[in-house]
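To start, the structure under review is shown below, and the notes come after it.
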Amino acid sequence: MSNILHVNLSCIESILDVPATLSRPNKKWHSAFATIYCSRALHSLLNEKKKKSSKLPLSTPSFVVLSVEPHVAFPNIDHTSLTAVVKEKNLDQLREFGGVEGVADSLKTDTKYGIHGAVEDVAERQDTFGSNTYPTPPTKSFFYFVLEAFKDLTILILLACATLSLGFGIKEHGLKEGWYDGGSIFVAVFLVISVSAVSNFRQNRQFEKLSKVSNNIKVEVVRDGHRQQISIFEIVVGDVVCLKIGDQVPADGLFLDGHSLQVDESSMTGESDHVQVNSTQNPFLFSGTKVADGYAQMLVTSVGMNTIWGEMMSTISRNINEQTPLQARLNKLTSSIGKVGLAIAFLVLVVLVVRYFTGNTEDENGNQEFYGSKTKANDIVNAMVRIIAAAVTIVVVAIPEGLPLAVTLTLAYSMKKMMADQAMVRKLPACETMGSATTICTDKTGTLTLNQMKVTKYWLGKEPVEDSSSIATNVLKLIQQGVALNTTGSIYRATSGSEFEFSGSPTEKAILSWAVLELDMDMERLKQNHTILHVEAFNSEKKRSGILMRKKADNKMHVHWKGAAEMILAMCSSYYDASGSMKDLDDAERMTFEQIIQGMAASSLRCIAFAHKQIPEEEQEISEGWQKLTEDGLTLIGLVGIKDPCRPGVRKAVEDCQYAGVNVKMITGDNVFTARAIATECGILRPDQDMNSEAVVEGEVFRKYTPEERMEKVDKICVMARSSPFDKLLMVQCLKQKGHVVAVTGDGTNDAPALKEADIGLSMGIQGTEVAKESSDIIILDDNFASVATVLRWGRCVYNNIQKFIQFQLTVNVAALVINFVAAVSAGEVPLTAVQLLWVNLIMDTLGALALATEQPTKELMEKPPVGRTEPLISNIMWRNILAQALYQIAVLLTLQFRGESIFGVSEKVKDTLIFNTFVLCQIFNEFNARKLEKKNVFKGLHKNKLFLGIIGMTIILQVVMVEFLKKFADTERLNWGQWGACIGIAAASWPIGWVVKGIPVSDKPFLSYLKW
């Protein structure tokens, strides 16, 4: 192929070499000939390639487009080659591109200020290099859910019965009259399938929407010199992305600038060891990996499907319809009830068949139906179809397929409402588990407090500094260096007169703001005058960060440390006093500083210390090559106190949780005094609980307890200070061993093990790292503890709503089964026809689920203790309510069955209609009873649930239509006002019965303790 190409190209060159002597017309002819020749040569090349290719194209285009140069907007870069360089970690080829700087130039990116970021620029980059999105698996269509509904065996048997009934009915009575029986079953089945499919389709859409929201991560980029947060989907090739501990790398790219960057590539390679990323040996970063340590800026080279992660994602589809524990328990319950229903249906079938063939049944005119061999085959088949349809319909009513639907509805409804209440559910089971939570372990910063930090105190030596002008010049310079160089934050100012914009963590922003506005720090100038040689990034275990830097003016090296005050103080051997003189730090002085720190902490201030050391010349070479910073012999520059006020409403939320029987524990990295002050302010600690009451403990002390001591003391602990993520994990494990259902809040990368270990992991939406969010079950979008209390309330509401529906459903099931069974055995007929039972099924399964599953949480839910893991789904209170209502309905309806004609003086057809009408109205009235399992006032808060009232109204209207206007369809007779009044009166009696029954006490021992649901 290459030889052919070479020959063709040499021919083309000779043809294109136009002699200067040719006249103008001849030149035109020559160029025309050259064009034709070139097109033929290229065409033959393509044909040659096609012959050799084993795969044939599906369709041949009518023209050929050949890309002979890179995109017009970015002519100096071949994106395919660049993508391959990063994927293959090819350093040699990267050098051919001119290194990272060369790639940035080709992508028109300023390594310091990022891309221009205008709408046209971003759009052009998306057109050229693609967008940072992945194709999602196709959404399930409505037709899919219709098919799923058809897969139900009982529905298929009913459809078969309807088809036979329709065929024989038309054959016997003609098309005009004969379609009613079979047609009405068809319509009823169609209604049940439609409602089920619509509900499932809507819930599926709801879950997909939530999934999209959870994938929409916020990423920090530099555009036009301005640090800003954008959606991960908006990242384009050429963007400069800022990475810090816990971040997910949003696209493939190259390391631009940063320190101590270590990346966890286990999601890609399966290797648990962290990979060092730097500008010399390994500048390659991959989408989907996590930052384990350090911080950096990266240049994006590939996005979306061009990344390695994109290739992997295209083969993975996330299952959003996972089954929750409650759904699994309900499926067990459904199958148990279904088995009972099948047994009763089979008995009814046998009894009806025996009665028919022994001549004990009569038709509408009172004639015997079966006359042995004289009976027509058509009549026998018709009778059998009717009997089978009746038996199958009993099964349909007996199997409470509404239970899984009710769970789906209530979970979807609560998820939607929780989203509005600032909580995004990532894993469905967490909704239910949260209702059983007995302990909540919460962070302090940002959860109990506002995370709006401000420096309110500064101590230089042993004196508080009120005015920055009184600070000695040498100390001021050191503070400015320590703040400007030892930070992951940044400062942006559009013009000299505009406001400063600070970015970074809230603590970093507070310190930067104080240094710029109070100490006149010029961060840009300081960075230009110093070279940073090594960085030790802050993490929650070390609780400090440090840098090694060289002054460009005199080439001297300095170490700067910043972190938790008592930890930095322990590293110091001297301090600067108010006049700027250096003094030795002896034991007495150290005690004084510890008292200052404790005093600030007791005022709810977070205490940060700054320390410094100049490296002697003889040690400079060693330090430069050595990767660990000097940690002793430092000089204390000063202490700052940062105020982070408590969130308004947090005390009320903590009290609500405690009132609901849920223990709240605060786990924080702050020192004991700050932790105690905040915990008292939030109501976690009582003011009378002194320091020695074991309510407050330090992480290190807790860690050193023996396992037995930990188990003994863990319940008494309210506050754990100076804790590491390992201490948090240890506490969660202890609480779980003691039988607690534990919810944990976390925001850092190191919180991931505790979030995974807990029964419910709650991560923070604002401060939380991507690693923490991925490990959690629910994301608290506003980082507010009050939202945690809301999640608790909703969790209990889900469980309560399911219990309400089970009570309502089982009452109908028990009543319908007993009535049909007794009537079939004694009278040889079922008073409720297939169509009528399907209508009842629709009322209770679908409409009932909708009405009861969408009840809002009430205050009463927070007045009870948490529901234990092992408590039965059907409580004694529910059994009491179910049996009372079911027995009343059975008594009334069997009385109507056997004495209805004489009591009301009506025909058998009207009696059957009275039974049907009374039965349906009993369910409507009982739906009100089901709203409250224990409270006698079932109407409280009714006006707030518009959906419930709407469904009740709709059910009543449809029932009137069924009875009064659909005589042939529903096999009913019209009722007069007196008969309607009697039906309503009988049904309304379920309200006073419910009121009386709720006064009967029940024992704590499970009613069906021998049955495991």
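The values are calculated or read from the model by the stated rules, or taken from the named source; none is laboratory data. Keep in mind the model is a prediction, meaning the values are calculated, not measured. No Cβ is skipped: glycine too gets one built from the backbone with ideal geometry, and neighbour counts run over all protein chains shown. Side chains are part of the model used for accessible areas, which takes the heavy atoms of the whole protein and leaves out ligands, DNA and RNA. Shrake-Rupley method; radii C 1.70, N 1.55, O 1.52, S 1.80 Å.
All but one of (1) open to solvent by 10 Å² or more (accessible area, probe 1.4 Å); (2) assigned to a loop (DSSP other than H, G, I, E, B); (3) not β-branched (Val, Ile, Thr) hold for Gly446; which doesn't?
Of everything listed in (1) open to solvent by 10 Å² or more (accessible area, probe 1.4 Å); (2) assigned to a loop (DSSP other than H, G, I, E, B); (3) not β-branched (Val, Ile, Thr), Gly446 misses just condition (1).
Evaluate the stretch 765-776: report whether one residue or more is under 14 Å from the mean Cα position of the chain (by Cα) and modelled with pLDDT of 85 or more.
Taking every residue of the stretch 765-776 in turn, at least one turns out to be under 14 Å from the mean Cα position of the chain (by Cα) and modelled with pLDDT of 85 or more.
Report, by residue number, each residue of the stretch 848-879 that is in contact (Cβ under 8 Å) with a residue 60 or more places away in the chain, part of a helix (DSSP H, G or I) and open to solvent by 20 Å² or more (accessible area, probe 1.4 Å).
Leu850, Glu860, Glu863, Asn876, Ile877, Trp879
Could you check, for the stretch 407-419, whether at least one of its residues is farther than 30 Å from Asp727 by Cβ and of a type in the set (Gly, Ala, Ser)?
yes
I'm checking my understanding of the structure. Among residues of the stretch 119-140 that are without any contact (Cβ under 8 Å) to a residue 60 or more places away in the chain and open to solvent by less than 70 Å² (accessible area, probe 1.4 Å), which one is farthest from the chain's Cα centre (by Cα)?
Of everything passing the filter in the stretch 119-140, Asp121 is farthest from the chain's Cα centre (by Cα).
Report, ordered by the first and then the second residue, all pairs with beta carbons closer than 6 Å, sequence separation of six or more or different chains, a first member in the stretch 407-435 that is at positive phi, and a second member that is surrounded by fewer than 18 Cβ atoms within 10 Å (Cβ to Cβ).
If the second residue must be surrounded by fewer than 18 Cβ atoms within 10 Å (Cβ to Cβ), the pairs left are Gln422/Asp782.
So Gly999 passes all but one of these: (1) small (Gly, Ala, Ser); (2) open to solvent by less than 10 Å² (accessible area, probe 1.4 Å); (3) out of contact with any Phe, Trp or Tyr (no Cβ under 9 Å at 6 or more places or on another chain). Which condition number does it fail?
The one condition Gly999 does not meet is (2).
Is it the case, given these coordinates, that Ala601 is open to solvent by less than 50 Å² (accessible area, probe 1.4 Å), in contact with a Ser or Thr (Cβ under 9 Å, 6 or more places away or on another chain) and at pLDDT 90 or above?
So Ala601 does not fit the description; no.
Going by the structure shown, is Lys457 open to solvent by 10 Å² or more (accessible area, probe 1.4 Å), closer than 30 Å to Leu850 by Cβ and either acidic (Asp, Glu) or not in a loop (DSSP other than H, G, I, E, B) (or both)?
no
Which number in (1) open to solvent by 20 Å² or more (accessible area, probe 1.4 Å); (2) farther than 15 Å from Asp224 by Cβ; (3) more than 36 Å from the chain's Cα centre (by Cα) marks the one condition that Lys87 misses?
Answer for Lys87: the failing condition is (3).
Is the stretch 706-725 home to any residue that is touching a Pro at 6+ places or on another chain (Cβ under 8 Å) and open to solvent by less than 30 Å² (accessible area, probe 1.4 Å)?
yes
Conditions (1) modelled with pLDDT of 70 or more; (2) part of a helix (DSSP H, G or I); (3) open to solvent by 40 Å² or more (accessible area, probe 1.4 Å), marked per residue:
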residue: Leu347; (1), (2), (3): yes, yes, yes
residue: Leu352; (1), (2), (3): yes, yes, no
residue: Tyr356; (1), (2), (3): yes, yes, no
residue: Asn365; (1), (2), (3): no, no, yes
residue: Asn382; (1), (2), (3): yes, yes, no
residue: Ala391; (1), (2), (3): yes, yes, no
residue: Val397; (1), (2), (3): no, yes, no
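For the stretch 880-896: of the residues being among the small types (Gly, Ala, Ser) and under 48 Å from the mean Cα position of the chain (by Cα), which is least open to solvent (accessible area, probe 1.4 Å)?
For the stretch 880-896, the residue satisfying everything is Ala886.
Count, please, the residues in the stretch 741-776 that happen to be acidic (Asp, Glu), assigned to a loop (DSSP other than H, G, I, E, B) and surrounded by fewer than 24 Cβ atoms within 10 Å (Cβ to Cβ).
Count: 1.
What single numbered condition from (1) modelled with pLDDT of 80 or more; (2) closer than 30 Å to Val825 by Cα fails to hold for Ser335?
Of the numbered conditions (1) modelled with pLDDT of 80 or more; (2) closer than 30 Å to Val825 by Cα, the odd one out for Ser335 is (1).
Counting only residues that are modelled with pLDDT of 85 or more, part of a helix (DSSP H, G or I) and not polar (S, T, N, Q), how many does the stretch 912-945 have?
The number of residues fulfilling the criteria is 13.
Would you confirm, using the coordinates I've provided, whether Glu466 is among the charged types (D, E, K, R) and either over 30 Å from Val291 (Cα atoms) or surrounded by 20 or more Cβ atoms within 10 Å (Cβ to Cβ) (or both)?
Criteria met by Glu466.
Does the stretch 582-594 contain any residue that is open to solvent by less than 20 Å² (accessible area, probe 1.4 Å), modelled with pLDDT of 90 or more and of a type in the set (Val, Ile, Thr)?
no
So the check is Cβ under 7 Å with 6+ separation or different chains; which pairs have a first residue in the stretch 949-968 that's over 24 Å from Leu850 (Cα atoms) and a second one that's assigned to a helix (DSSP H, G or I) and of a type in the set (Ser, Thr, Tyr)?
Lys968/Tyr180
What do you reckon, is Arg899 among the basic types (Lys, Arg) and either within 45 Å of the chain's Cα centre (by Cα) or modelled with pLDDT under 85 (or both)?
Spelling it out, it is not the case that Arg899 is among the basic types (Lys, Arg) and either within 45 Å of the chain's Cα centre (by Cα) or modelled with pLDDT under 85 (or both).
Return yes when Met954 is within 30 Å of Ile760 (Cα to Cα), within 40 Å of the chain's Cα centre (by Cα) and part of a helix (DSSP H, G or I) and no when it is not.
The answer is no for Met954.
Quick check on the stretch 792-811: of everything there that is of a type in the set (A, V, I, L, M) and open to solvent by less than 10 Å² (accessible area, probe 1.4 Å), which residue is nearest to Ala412 (Cα to Cα)?
Only one residue tops the list, namely Val798.
Could you say whether any residue in the stretch 276-286 is in a strand (DSSP E or B), at pLDDT 90 or above, open to solvent by less than 10 Å² (accessible area, probe 1.4 Å) and over 27 Å from Met764 (Cα atoms)?
The answer is yes; a qualifying residue exists.
Take Lys556 and decide whether it is farther than 19 Å from Tyr458 by Cα, open to solvent by 50 Å² or more (accessible area, probe 1.4 Å) and touching a His at 6+ places or on another chain (Cβ under 8 Å).
no
Do the conditions hold for Ile232, that is, is it surrounded by 18 or more Cβ atoms within 10 Å (Cβ to Cβ), at pLDDT below 85 and among the β-branched types (Val, Ile, Thr)?
No.
Exactly one of these conditions fails for Val814: (1) surrounded by 24 or more Cβ atoms within 10 Å (Cβ to Cβ); (2) assigned to a helix (DSSP H, G or I); (3) of a type in the set (Val, Ile, Thr). Give me its number.
With (1) surrounded by 24 or more Cβ atoms within 10 Å (Cβ to Cβ); (2) assigned to a helix (DSSP H, G or I); (3) of a type in the set (Val, Ile, Thr) applied to Val814, the lone miss is (1).
Step by step: first the residues of the stretch 521-546, then only those that are more than 43 Å from the chain's Cα centre (by Cα) and open to solvent by less than 50 Å² (accessible area, probe 1.4 Å), then the one that is nearest to Gln480 (Cα to Cα). Which residue is that?
Top of the filtered list is Leu526.
Considering the stretch 959-970 alone, what residues qualify as being out of contact with any Leu (no Cβ under 9 Å at 6 or more places or on another chain) and surrounded by 14 or more Cβ atoms within 10 Å (Cβ to Cβ)?
Answer for the stretch 959-970, where residues must be out of contact with any Leu (no Cβ under 9 Å at 6 or more places or on another chain) and surrounded by 14 or more Cβ atoms within 10 Å (Cβ to Cβ): Met962, Leu966, Lys967, Phe969, Ala970.
Tell me which of these Met549 doesn't satisfy, since it passes every other one: (1) of a type in the set (A, V, I, L, M, F, W, C); (2) outside any helix (DSSP H, G or I); (3) surrounded by fewer than 16 Cβ atoms within 10 Å (Cβ to Cβ).
Condition not satisfied by Met549: (3).
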